[in-house]
1. Right, L79: in contact (Cβ under 8 Å) with a residue 24 or more places away in the chain and within 30 Å of L131 (Cβ to Cβ) or not?
2. May I ask you to list the residues in region 24-42 that are more than 19 Å from H107 (Cα to Cα) and either among the charged types (D, E, K, R) or out of contact with any helix residue (DSSP H, G or I) (no Cβ under 6 Å at 6 or more places or on another chain) (or both)?
Amino acid sequence: MPEHDLRLELLQAWLQEQLLNLFQRNAWGDVPAGTLTAASSDASFRRYFRWQAGERSFVVMDAPPPQENCAPFVAIDHLLASAGVHVPTIHAQDLARGFLLLGDLGHQTYLDIINPDNADGLFADAIDALLALQRLPLDA
């Protein structure tokens with residue numbers, strides 16, 4: 001069995017445990033049967049999957065050590081969140097195995113939805129995010 005298939009099996013087992021914990025923690029009831037599909041590709045060893053069931057959707061990152069290190073992603077996510085920048089919530093992490101369970105920011109980009117009626121608001125939000133980034137300490 002190719003290594004990436006083994007990782008996918010490990011990821012799926014880890015994901016089921018994390019979803020159970022997440023659903024219990026949030027009193028969402030039983031974990032429904034969901035689908036796991038490729039979400040996007042990356043120019044590295046990382047892979048992203050989208051788990052979806054009904055209205056609930058999460059992104060799962062597979063970043064195999066030692067080729068990838070999730071710790072910088074986690075640190076930057078927390079740093080940006082502390083500045084009020086909209087970033088994925090990290091619901092669960094296993095840095096030793098390179099697995100992250102993230103909130104799903106959706107399929108649509110600004111380019112997908114921008115039009116004359118919403119452009120001012122979207123650009124204002126983007127500028128606010130850039131200003132929040134600039135206010136972070138230089139050593140961050």
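What follows draws every value from the coordinates through simple rules; no lab data is involved. As the structure is a prediction and not an experimental result, all values here were calculated from the model. As a convention, Cβ positions derive from the backbone with ideal geometry for all residues, glycine included, and neighbour counts pool all protein chains shown.
1. On the way: in contact (Cβ under 8 Å) with a residue 24 or more places away in the chain: yes; within 30 Å of L131 (Cβ to Cβ): yes.
When the stated conditions are applied, L79 passes them.
2. First, pick out the residues of region 24-42 that are more than 19 Å from H107 (Cα to Cα): 24-33.
Result: Q24, R25, N26, A27, W28, G29, D30, P32, A33.
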